Amino acid sequence: MTDVRYTRAIVWLRRDLRLDDNVALAAAGALSRELVLTFVVDPKLLASERIGAPIVQTFFEALEALRERLRERGSDLAVLQGDPVHELVSFATHIGADAVFYNEDYEPAAIARDREAERSLREAGVEVHACLDHVCLGAKDVRTGEGAPYRVFTAYERRWRDRYALAPVLPVDTSGAIARAMDRNAIGATRPIPTPEDFGFTSSRRYPHCNEKLARGMLDAFLADDGNVVRYRELRDFPAWDITSHLSVQLRAGTIGIRTAFEGAFRVARDPSRRASAQKWISELIWREFFQMLLRSFPHVATGAFLENGDRLRWDNGEDAFAAWCEGRTGYPIVDAAMIQLNETGWIHNRLRMIVSSFLTKDLLVDWRWGERYFETRLADADLAQNNGGWQWAASTGADAAPYFRIFNPVLQSEKFDPGGAFIRSMIPELSDVPARDIHAPWKSGIRYHAPIVDHGEARARALAVYAPVLGKPRSSHNR
Ligand SMILES: Cc1cc2nc3c(=O)[nH]c(=O)nc-3n(C[C@H](O)[C@H](O)[C@H](O)COP(=O)(O)OP(=O)(O)OC[C@H]3O[C@@H](n4cnc5c(N)ncnc54)[C@H](O)[C@@H]3O)c2cc1C
């Protein structure tokens, strides 16, 4: 070790629940004689209306696995509970830590908390280091020639790829840091990891599993020679095929490092037979970076529309219509099947997220924030940046969003992306015997099912009448 500055460092884990490819952990290991990995369970955060059982369950599972890995090495995960700032300061004092390392989080509430933590820790004589980890390139790393944040994805992606090609951001080596993890006995008594039930949530065996070993296995399997990355470009939009990586949950909890994901994908993209498909997947990861950058650069999106006019839209906000959407009984089987998948499994396919968000904001004219909040409490991968980006895209209020006159026709979407009806049947047993030709619009053939809560043609005309005065005249008419 050449540059030991600290005797004892705390690595404050938050959305980075892993040992490998963890920037704060590597930095702490390089600068400190010994370190302790620490997680603070924040009861106030867990009591928020904006958090739900699936994400709580996945985080607690990831923490258990992390603790297990540390215990195998004779160390432990320090688990604290209470106000994070207060807990960190008193733990640092208790164990005699002289530094805290953490990975940044771009959510406005997290930024405010981290500033307060930094101030209090410094006052207590503890140095603080914030690292960039949850994205490959930070919000300020990819800027226009004038130094402004991008608002259009294609331009952002081009610049992102140029930057990465010039200086690839590779996974960081944490082996030296892990070897410096404090002895279990020296850490002292730390709490057990709570269960979701301890905080009033109900666990489910159907929610995704989440831990570092699983995440690595999922990435490797996806990128393997015969992995789904080969079929990604062709089949990613078909929920019944279900060939996407499902890594969103792992990326949310940080059980896989984003640098590891990009490095693996770029390696596959060097193989000519898999290049095009791997590049498509890389673009999706760059969408993630784009939405993270938007949240950091334009924090007003967390509460309001990205577009100036977006908050002038006059929503209907029908409570009954919203309840029917939430519960999967709109009468449109593809919408209902999607919402059932969300409610039961804590995850939902991207094409379906697009269909149900368009349906809520255009066909039902319900404020996108209602949908955003509902997703937050139901998704294991609920992430403010991506979720907000997705919802504002669908509602046409976001940066580089769908034009407002692009209103998905739920029946055509269903016919196109679930042509045989296999996905619908897998989620709605009462439609299991309905043939493909009738399953997308059962009311047309007199099949007993919920009656559609709106007529799409009428709903579309109503949406155009609400949107056009606020967001401008349509350039062309789409009814996809
Ligand atoms: C209304 C709406 C809400 C959404 N909410 C979330 C959310 O809360 N959390 C979340 O992680 N994603 C969200 N997405 C994006 C996307 O639907 C999911 O990331 C994706 O379905 C996750 O499945 P996967 O990991 O198999 O994706 P893959 O297709 O395997 O993609 C790999 C990774 O790329 C990123 N990615 C893929 N598609 C997108 C996208 N459209 N925008 C941004 N990043 C993307 C994700 O990190 C994903 O894990 C939302 C999309 C919409 C339209």
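Over all directions, how big on average is the projection of the convex hull of the alpha-carbon atoms in segment 1-133, in square nanometres?
8.0 nm²
Would you order Cys131, Cys136 from fewest to most other beta-carbon atoms within 10 Å of each residue's own beta-carbon? Please report the intermediate quantities before stating the final value.
Numbers: Cys131 19, Cys136 25.
Sorted ascending by nearby Cβ count, the order is Cys131, Cys136.
In terms of modelled amide H atoms, which long-range or inter-chain residues lie less than 5 Å from the amide H of His129?
Result for His129 returns Val100, Phe101, Tyr102.
Quick check: net charge around Arg369, other residues with Cβ under 12 Å of its Cβ, Lys/Arg +1 and Asp/Glu -1?
-2
Multiply the residue gap between Ser120 and Lys140 by 0.36 nm, knock off their C-alpha separation, and tell me the result in nm, one decimal place.
Between Ser120 and Lys140, full extension yields an extra 4.6 nm.
Rounded to whole Å and sorted largest first, what semi-axes of the equivalent ellipsoid does the C-alpha gyration tensor of the chain yield via the square root of 5 times each eigenvalue?
On the way: eigenvalues 335, 111, 105 Å².
Equivalent ellipsoid of the chain: 41, 24, 23 Å, largest first.
Can you give me the angle between helix 108-123 and the longest principal axis of the chain, using Cα atoms only, in degrees from 0 to 90, rounded to the nearest 10?
Tilt of helix 108-123: around 10 degrees.
Relative to the longest principal Cα axis of the chain, at what angle does helix 153-166 sit, 0 to 90 degrees, rounded to 10?
Once rounded, the angle reads 30 degrees.
What does the highest-first list of 247-257, 229-239 look like by mean Cβ count within 10 Å?
Result, highest mean Cβ count within 10 Å first: 247-257, 229-239.
For Ala62, what is the net charge nearby, where nearby means another residue's Cβ is under 12 Å from its Cβ and Lys, Arg count +1, Asp, Glu -1?
Counting the neighbours of Ala62, the net charge comes to +2.
Expressed as a whole number of Å, what is the distance separating the alpha-carbon centroids of segment 177-211 and segment 105-168?
After rounding, the separation between the Cα centres reads 28 Å.
What do you get for Rg/Rh over segment 308-471 if you use C-alpha atoms and the Kirkwood form of Rh?
On the way: Rg = 15.1 Å, Rh = 15.9 Å.
With Rg and the Kirkwood Rh in hand, the quotient comes to 0.95.
Sort 63-74, 279-290 for me by packing, meaning the mean count of neighbouring Cβ atoms within 10 Å per residue, highest on top.
Output ranking for 63-74, 279-290: 279-290, 63-74.
Report the full-extension gain for the segment Val152 to Ala109: residue separation times 0.36 nm, less the Cα-Cα distance, to one decimal in nm.
Gain in length upon complete extension: 12.9 nm.
Hey, which aspartates and glutamates would be in cross-link range of Lys140, C-alpha to C-alpha under 18 Å, not counting anything within fewer than 8 residues on its own chain?
Straight-distance partners of Lys140: Glu104, Asp105, Glu107, Glu157, Asp162, Glu289.
Students often get this wrong: which residues of segment 352-368 have the backbone nitrogen under 18 Å from the point 7 angstrom along Cα-to-C-beta of Arg50?
In segment 352-368, the label zone of Arg50 (backbone N under 18 Å from the point 7 Å along Cα→Cβ) covers 367-368.
Tell me, in nm to one decimal, what length is gained between Glu319 and Ala468 on full extension, where the rule is 0.36 nm per residue of separation less the Cα-Cα distance? Show your work: numbers first, answer last.
Values: separation 149, 0.36 × 149 = 53.64 nm, distance 2.40 nm.
In short, 51.2 nm is gained.
Would you please put 113-123, 24-34 in order of how densely packed they are, using the mean number of other Cβ atoms within 10 angstrom per residue and starting with the highest?
Packing order, densest peptide first, comes out as 24-34, 113-123.
Kirkwood Rh over alpha-carbon pairs of segment 326-386, then Stokes-Einstein at 10 °C and 1.306 mPa s: what D in µm² s⁻¹, rounded to an integer?
My calculation gives 138 µm²/s for D.
Since every read-out is calculated from the coordinates, none of them should be taken as a lab result. Please read all numbers here as calculations on a predicted model, not as lab measurements. Positions of Cβ are backbone-derived with ideal geometry, glycine not excepted, and every protein chain shown enters the neighbour counts.
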